[in-house]
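Trainee: Structure in structure tokens, see below.
The values are calculated or read from the model by the stated rules, or taken from the named source; none is laboratory data. This is a predicted model, so every value here is computed, not measured. Cβ placement follows ideal geometry from the backbone for every residue including glycine, while neighbour counts extend to all protein chains displayed.
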Amino acid sequence: MNLSPNFTAEEFTRSTYATRHGIDNALPDDLLESARMQAQGLERVRAVLSLPLHVDSGYRCLAVNRGIGSSDTSRHVVAGATDIICPAFGTAKMLAQKIIDYGKVILFDRLIFEVDWVHVEFSTESRLMIMTARFEPSGTTYTMGLT
């Protein structure tokens, strides 16, 4: 099923963790509109780049989310976030900077630079919130801005 012209529900729910562990990571019907909102936002990113994006992680059911060590409050659990890369464009930091530079066109709500990928959220708000994640043995910390 297409969520938008260039993004499918299959790629939005794909999870190697779910496959390895026999977990059904299908998108629930009540989260379809949220997933479509993410896909529409990704279409705007794709248009700015003029390049296809790769979805590393979109929707995650609670079992998958817990299995990979993410918080129960992750926006992925409600189909409200997507982790993306675009190797044809450049590094994740370059991608994050481009999305930030075009924030008023792309209209993201929150962007988190996570070293190897960009976590981006789209909602009815467009706060243009920018953060950087730092992964430490003691846990993940977040700072405001792109660092």
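Trainee: Residue pairs, Cβ under 9 Å, 6 or more apart or interchain, first in region 135-147 and in contact (Cβ under 8 Å) with a residue 40 or more places away in the chain, second part of a strand (DSSP E or B) and surrounded by 10 or more Cβ atoms within 10 Å (Cβ to Cβ). List them.
Mentor: Sorted first by the residue in region 135-147, then by its partner, the pairs are L146/L111; L146/F113; L146/I130; L146/M131; L146/T132.
Trainee: Do we find a residue being in a loop (DSSP other than H, G, I, E, B), surrounded by 12 or more Cβ atoms within 10 Å (Cβ to Cβ) and at pLDDT 95 or above anywhere in region 92-101? Show your work before the answer.
Mentor: Here is the first cut: in region 92-101, the residues in a loop (DSSP other than H, G, I, E, B) are none.
The answer is no; no qualifying residue exists.
Trainee: May I pose another question? Select, from S74, S123, the only residue that is in contact with a strand residue (DSSP E or B) (Cβ under 9 Å, 6 or more places away or on another chain) and surrounded by 13 or more Cβ atoms within 10 Å (Cβ to Cβ).
Mentor: On the way: S74 fails: in contact with a strand residue (DSSP E or B) (Cβ under 9 Å, 6 or more places away or on another chain).
Unique residue meeting the criteria: S123.
Trainee: Mind counting the residues in region 41-56 that are aliphatic (A, V, I, L, M), in contact with a helix residue (DSSP H, G or I) (Cβ under 8 Å, 6 or more places away or on another chain) and not in a helix (DSSP H, G or I)?
Mentor: At the first step, the residues of region 41-56 found to be aliphatic (A, V, I, L, M) are 42, 45, 47-49, 51, 53, 55.
With the extra rule that they be in contact with a helix residue (DSSP H, G or I) (Cβ under 8 Å, 6 or more places away or on another chain), the set shrinks to 45, 48-49, 53, 55.
The next check asks that each one be not in a helix (DSSP H, G or I); those that pass are 53, 55.
Residues flagged as aliphatic (A, V, I, L, M), in contact with a helix residue (DSSP H, G or I) (Cβ under 8 Å, 6 or more places away or on another chain) and not in a helix (DSSP H, G or I) within region 41-56 amount to 2.
Trainee: Could you tell me whether A133 is in contact with a Phe, Trp or Tyr (Cβ under 6 Å, 6 or more places away or on another chain), modelled with pLDDT of 95 or more, farther than 29 Å from P28 by Cβ and not in a loop (DSSP other than H, G, I, E, B)?
Mentor: Answer is no for this residue.
Trainee: Would you check which residues across region 58-77 are in contact with a Phe, Trp or Tyr (Cβ under 8 Å, 6 or more places away or on another chain), of a type outside the set (A, V, I, L, M, F, W, C) and outside any helix (DSSP H, G or I) and list them?
Mentor: G58, Y59
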